[in-house]
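Colleague: Handing you a structure now.
The values are calculated or read from the model by the stated rules, or taken from the named source; none is laboratory data. What you see is a predicted model, and the numbers here were worked out from it, not measured in a lab. FYI the Cβ positions are ideal-geometry reconstructions off the backbone, even for glycines, and counts take in every protein chain you see. Note: areas computed on protein heavy atoms with side chains; ligands, DNA, RNA excluded. Shrake-Rupley method; radii C 1.70, N 1.55, O 1.52, S 1.80 Å.
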2 protein chains.
Amino acid sequence: MSDEGRNDVTVTDHQLSELAQQLRVDSVRAAAAAGSGHPTSSMSAAELMAVLLARHFRYDFERPDHPGNDRFVLSKGHASPLLYAAYKAVGAIDDDELLTFRKLGSRLEGHPTPRRLPWVETATGSLGQGLPVGVGMALAGKRLDRTGYRVWVLCGDSELAEGSIWEAAEHASFEHLDNLTAIVDVNRLGQRGPTRHGHDLDAYARRFAAFGWHTVEIDGHDVDAVDRAYGEAASTLGQPTVILARTLKGKGVAATEDREGLHGKPVKDADEAIEELGGIRDLRVEVRKPPAARVMHAARAGHLQLPPFQTGDEVATRDAYGQALAALGSGRGDIVALDGEVSDSTRAEYFAKEHPERFFECYIAEQQMVANAVGLAARGWVPYASTFAAFLTRAHDFVRMAAVSGAGINLVGSHAGVAIGQDGPSQMGLEDLAMFRSVHGSTVLYPCDAGQTAKLVAAMADHEGIRYLRTSRGKTPVIYGPDEEFPIGGSKVLRSSGRDRLTLVAAGVTVPEVLAAADALDREGIRVRVIDLYSVKPIDRATLREAAEQTGCLITVEDHREEGGLGDAVLDAFADGRPVPRLVRLAVRTMPGSATPEEQLHAAGIDAESIAAAARLLVEQAVVP
Amino acid sequence: MSDEGRNDVTVTDHQLSELAQQLRVDSVRAAAAAGSGHPTSSMSAAELMAVLLARHFRYDFERPDHPGNDRFVLSKGHASPLLYAAYKAVGAIDDDELLTFRKLGSRLEGHPTPRRLPWVETATGSLGQGLPVGVGMALAGKRLDRTGYRVWVLCGDSELAEGSIWEAAEHASFEHLDNLTAIVDVNRLGQRGPTRHGHDLDAYARRFAAFGWHTVEIDGHDVDAVDRAYGEAASTLGQPTVILARTLKGKGVAATEDREGLHGKPVKDADEAIEELGGIRDLRVEVRKPPAARVMHAARAGHLQLPPFQTGDEVATRDAYGQALAALGSGRGDIVALDGEVSDSTRAEYFAKEHPERFFECYIAEQQMVANAVGLAARGWVPYASTFAAFLTRAHDFVRMAAVSGAGINLVGSHAGVAIGQDGPSQMGLEDLAMFRSVHGSTVLYPCDAGQTAKLVAAMADHEGIRYLRTSRGKTPVIYGPDEEFPIGGSKVLRSSGRDRLTLVAAGVTVPEVLAAADALDREGIRVRVIDLYSVKPIDRATLREAAEQTGCLITVEDHREEGGLGDAVLDAFADGRPVPRLVRLAVRTMPGSATPEEQLHAAGIDAESIAAAARLLVEQAVVP
């Protein structure tokens, strides 16, 4: 089927159908070898994949980082056998590897992930996420990279019930992403039975058309129709295209075709099914390579000059974030920023004003915002995405999957904690530290002053994995001089003596509170140590261990729920079998209402007065020496 | 404007406009008194509210629990001044209380919550959630309560960017919720500037129509048009109606009308604005009371008979969940179940088969599933909503807001942890315990055997707040006899002696592993205590404290990330200033791939062999006596 490294336009429809049958056979074989997997969901999309590979996809499998490569995202990630069968058909993996599917140590996991396979763009398997991330990649291609690549996303029909699909649809048409094609494998059957709309392609077409997409409805098993649809998608300008393909789940085998109850199950009699599909083939398809292209984001714009902040000034860390990000954007051409329609609050607007070409307004669609960040990061950009800390919970599953992808993205949550004041609990990020700490390989930062914020904003850019920065709404005093450094994983000891009777550990808005408490206690003759734990994860075990050994008791103080945040992080530092200090945690334990920031901190028991009282009690009760 | 307790159909358009002006004036006054708040977002919707109250809404403000009451949800929760102004206009609050807006101790929070105000149906303030919860209420009305009430939801235009709105739109039309009316206050301006579609009502109408809604486009300041639109909504059968109202933000005051940059800010010169609006009024509007109606969910169907399980059998806890839920449904008429298109996996299908009239298929739309649960709970039903534990992260913000509402809902996450095996990390719930523990007032349960699961399923029904149950995919041995009780907040000591050298703490799938490890250690002469910590929150501090005092060292073992889960919960139990035991935590620290369940547990270091090795090491190092 191939000649010299370009899509062979002379390949016959018969050959395409044969290739599709091979993809089916190999899907059945892989799942049979594994004893699990989703062959039937693979079989429905075989022609969709075969025609894409042979006639439309442009990709250099030897150079997955080629800037001109098209992108393919398997949004219906459970159809991984189809993807791996395709990798075999293009020669990227061999037949032996295909049969390692779902086995310990294999690159061919149940759902594809880029951490293991260089040709996978983003981890999928949580439905409704592939198209949103594909939108992020198409956004990179359209607005930044401009190397002419196309993004092809293969979706299932069931996953169109996810709201995230419609956030993506809205964003893609608003940004005129004509380099994006969504291919929907409408096989009518979900996991436990029929989908809402079955084979009613018009139902889906009406929705996508209303959202501004060009729509094409086809028989997904007619290779000629598929070919024409892909051509129509590629030649449609100014809007993304969705191809709605009527297909049959388990197509090609009488025992599985269009039948319920077979989702996620290997085909029962695999040998018989393979025979029915015409037996094992070893067709090879050459995918056309992309034209030469240059990486745009390698360009660095200039020297990094972070904004200076004066000790004694009062500056909100969200302001410092905006200023630092704008400066970072001037210093580095690979920095991009995204926001969820609150850039005037998060201060991402400072970046937007200075670097409008690298700013992405995502409106109130936090899932799509994070997906855009993942897509941009997959293309080599360094994204900072911001909204209120509370609303990042909306994108929890996207953050989780970004970690599965190994994506390097920066997420910034403003308006953390009860300290926001009057707006009340719906706007207060009180669970964000718990959420981000539990993400695999994450970094969690919570600065207390402007200069610290600025340095952390710069430092997080080149860190691995999910980086989270928590900022605050109100002003806090600048307590660090301009030369202070804040390594990720470090902490700052702000008060220390040989007579410390306990240690106060804080971060962010509670740092000024513990300092005030320490001063009050000091006036009463009670010396305490104070640690600013700006790096919540990784955590500075050595400094905490030293404080524990020297003072015997730690009080953690956080503007966050008592579970999963600063207190838990500090406790974790001692879960190594060695002696553990006595520990008391001050955190937000009630459901706040509306009140001033000061009233809120007091009501939650995390203001200077409450902290001093807790410390005093421990000293009086002789819990501490 | 009122006579004897029914909507006064003779009220003139002029009177309606006067009422609208009063709502504006009172919105301006409340925000001025607070020094914060969203008067401009209130002013755009004044006529929409005035006409609803005077002519269409049926509600007994003295009996907010009246089964026949219409429901009103302020999806754009930041427009709370409008809602509170309306409460004043109907006589539910007085003018003095209105002016306590956003102050410490006031019921009138920045965003409305039912925990404080009896007429608020659900907490709003995280945009895109009011309509989904309204769908849940309309679902209750249509399929269960059948008392004829209508659900009216006032949305902002900005929030239509949230995917959750489209999950709701899809669900509402699929369920033919003609008792639901969405009113969209299209004021063109979001927080930081114009929305995507500005005043293009057609853009929204196309989308809703494509999703199967009846659409009406009007001038939202024309009381007559508003009145006719509401009438049209009420008389439209078989589908929900959306009223798209063209409005002006800050309407009625030249300094604020249709101007950018005034979101979330009190009107600058309030006195001048009030004068421009015609001054302070004290109009009262009588809302028509609903007809007599009976609460349906009070009916109990019969005797509760939980399924019996035999010690020594192997049963997956997800199977036990399905069986117990079906039995609970037979025993109680107020139990309802929801699932995210995976009921064959979660086993919610057992309930669905026995009680189809009380089962709600939510398809792959986890946000809407949780919103439906919140809406059903608001109407007195006791919902159990299930999907894979991993995918409940999709609904994190809805769970957070449900806690703000004080909603009582049961959420069940199956396929937890690496123990699911081959499917890989996208399907593994590894962050769910952290997420649910950080939710205010939550209950977190993680049973290890079938009988324990069944009893906990029954016990959680009548608990307060968010109740989370974690189930497992694979079979585990039934270790408890049928008479064993499992109080929430308790634990079970499975091995104990006077010579225990350390304590193994586990829950769920790691319980059989720690038991096997304990047996192996016992054969080597090392006695260890074993605790089954099935209630992760609240936690059994007394038993843990006793084990700590008697054995000195705890090893926690969990099929979850090391942050925020079982290990943190155990540590938390000791954060009270008293001595803390030495502690070692075994948890999932890497990103798993595909492998068998046994291989996964071993790779994560949480199988019997790894546990015994860790215990042995501690004993050999003489860390423990």
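Colleague: Report Rg(Cα)/(2.2 N^0.38 Å) for the stretch A:562-617, keeping two decimals.
Modeller: For the stretch A:562-617, the normalised Cα radius of gyration is 1.35.
Colleague: Then there is this: If you place +1 on the Cβ of every Lys and Arg and -1 on the Cβ of every Asp and Glu, how big does the dipole about the Cα centre of the stretch B:511-625 come out, in debye to the nearest 20?
Modeller: 400
Colleague: Using a cut-off of 12 Å between beta-carbons, work out the net charge of the residues near residue B:28 (Lys and Arg +1, Asp and Glu -1, residue B:28 not included).
Modeller: Local charge sum for residue B:28: -1.
Colleague: Of the listed peptides A:517-524, A:356-363, A:76-83, A:247-254, what is their order by residue-averaged count of other C-beta atoms within 10 Å, with the highest listed first?
Modeller: So the order, starting with the most tightly packed, is A:76-83, A:247-254, A:356-363, A:517-524.
Colleague: Let me ask something else about it. Take the alpha carbon gyration tensor of the stretch B:175-247, find the square roots of its eigenvalues, order them as a ≥ b ≥ c, and report rounded if a/c is under 1.5; if not, report prolate when a/b exceeds b/c, else oblate.
Modeller: Note, shape of the stretch B:175-247 comes out oblate.
Colleague: Next up: Compute the distance from the alpha-carbon center of the stretch A:92-155 to that of the stretch B:92-163, in whole Å.
Modeller: 41
Colleague: With a ≥ b ≥ c taken as the square roots of the eigenvalues of the C-alpha gyration tensor of the protein assembly as shown, please select rounded if a/c is under 1.5 and otherwise prolate if a/b is larger than b/c or oblate if it is not?
Modeller: It is rounded, given that a/c, with a ≥ b ≥ c, falls under 1.5.
Colleague: Tell me the total accessible area that B and A bury against each other, 1.4 angstrom probe, in square angstrom rounded to 100.
Modeller: 8600
Colleague: State the Cα centre-to-centre distance between the stretch B:512-532 and the stretch B:301-375 in whole Å.
Modeller: Going from one Cα centre to the other spans 35 Å.
Colleague: Given an 8 Å cut-off on Cα distances and at least 6 residues of separation, report the relative contact order of chain A as a percent.
Modeller: 12
Colleague: Starting from the amide H of residue A:388, placed 1.01 Å from N in the peptide plane, find each other amide H under 5 Å away whose residue is 5 or more places distant or on another chain.
Modeller: Placed amide hydrogens put A:414 under 5 Å from residue A:388.
Colleague: Whole Å is fine, so just give me how far the alpha carbon centre of the stretch A:413-436 lies from that of the stretch B:201-224.
Modeller: Spelled out, the Cα-based centre of one part sits 35 Å from the other.
Colleague: Between copies, how close do the residue A:497 label points come, placed 7 Å along Cα→Cβ, listed in nm from shortest?
Modeller: For residue A:497, the inter-copy label distances come out at 5.2 nm.
Colleague: Go through A:446-458, A:575-587 and give me the packing order, highest mean Cβ count within 10 Å leading.
Modeller: A:446-458, A:575-587
Colleague: Give me the percent relative contact order of the stretch B:373-459, please, defined on Cα pairs under 8 angstrom at least 6 residues apart.
Modeller: Value for the stretch B:373-459: 28 percent.
Colleague: Please name whichever of A:517, B:199, A:177 sits farthest to the positive end of the charge dipole of the protein assembly as shown, dipole taken about the Cα centre and charges placed at Cβ: Lys and Arg +1, Asp and Glu -1.
Modeller: Farthest along the dipole direction, towards plus: A:517.
Colleague: Projected onto the charge dipole of chain B (+1 at Lys/Arg Cβ, -1 at Asp/Glu Cβ, origin at the Cα centre), which of B:548, B:136, B:593 gives the Cα projection farthest towards the positive end?
Modeller: The one lying farthest along the dipole's positive direction is B:548.
Colleague: So what's the angle, to the nearest 10 degrees on a 0 to 90 scale, between helix A:510-523 and the longest Cα principal axis of chain A?
Modeller: That works out to roughly 20 degrees.
Colleague: Summing Lys, Arg as +1 and Asp, Glu as -1, what charge do residues with Cβ under 12 Å from the Cβ of residue A:576 carry, residue A:576 excluded?
Modeller: Taking every Cβ under 12 Å from that of residue A:576, the sum is +3.
Colleague: Separate question: Nearest 10 degrees is fine. How inclined is helix B:130-139 to the longest principal axis of chain B, computing both from alpha carbons?
Modeller: It is inclined by approximately 80 degrees.
Colleague: Looking down the axis that turns B into A, which residue of B has the closest beta carbon, and how many Å out?
Modeller: So the chain B residue sitting closest to the axis is B:163, 1.
Colleague: Right, something else. Any idea what the dipole of chain B comes to, in debye rounded to 20, about its Cα centre with Lys/Arg Cβ at +1 and Asp/Glu Cβ at -1?
Modeller: Dipole size: approximately 820 debye.
Colleague: Considering only the protein assembly as shown, what is the antiparallel percent among its DSSP beta bridges, to the nearest 5?
Modeller: That works out to approximately 15 percent antiparallel.
Colleague: Amide H of residue B:559: which non-local residues (sequence gap of 5 or more, or other chain) have their own amide H closer than 5 Å, using H built in the peptide plane?
Modeller: So residue B:559 has HN proximity to B:510.
Colleague: How would the stretch A:492-618 be classified by its alpha-carbon gyration tensor: rounded, prolate or oblate, with rounded meaning a/c under 1.5 and the a/b versus b/c comparison settling the rest?
Modeller: oblate
Colleague: Here's another thing I want to ask about it. Could you pull the copy-to-copy label distances for residue A:292, with points set 7 Å along Cα to Cβ, in nm to one decimal and sorted shortest first?
Modeller: Ordered by distance, the counterparts are at 8.8 nm.
Colleague: If you don't mind, another one. Within 12 Å, Cβ to Cβ, of residue A:508, how many net charges do the neighbouring residues add up to if Lys/Arg are +1 and Asp/Glu are -1?
Modeller: That works out to -3.
Colleague: Let me ask something else. Let's see if you can work this out: charge +1 on each Lys and Arg Cβ, -1 on each Asp and Glu Cβ, no other charges. What is the dipole magnitude of the stretch B:314-477 about its Cα centre, in debye to the nearest 20?
Modeller: With only Lys, Arg, Asp and Glu charged at Cβ, the dipole is about 300 debye.
Colleague: For the stretch A:389-518, what is the Kirkwood hydrodynamic radius in Å, using each pair of distinct C-alpha atoms?
Modeller: Its Kirkwood hydrodynamic radius stands at 15.8 Å.
Colleague: Can you send over the carbon and sulfur percentage of the accessible area for the stretch A:492-618, probe radius 1.4 Å, protein chains only?
Modeller: Percent of accessible area from carbon and sulfur atoms in the stretch A:492-618: 48.
Colleague: In percent, what relative contact order does the stretch B:7-276 have, based on Cα pairs under 8 Å that are 6 or more apart in sequence?
Modeller: After rounding, I find 23 percent.
Colleague: Distances from residue B:219 to the same position in the other copies: list them in nm, one decimal, shortest first, using label points 7 Å from Cα along Cα→Cβ.
Modeller: When each copy's label point is compared with this one, the spacings are 5.4 nm.
Colleague: Also, I was wondering about something else. Helix B:608-620 versus the longest principal axis of chain B: what is the Cα-based angle in degrees, 0 to 90, to the nearest 10?
Modeller: 70
Colleague: Based only on the alpha carbon positions, what is the Kirkwood hydrodynamic radius of chain B, in angstrom?
Modeller: 26.1
Colleague: Any of A:268/B:475; B:353/B:537; B:76/B:268; B:88/B:265; B:353/B:492 with alpha carbons more than 28 Å apart? Name them for me.
Modeller: B:353/B:537; B:353/B:492
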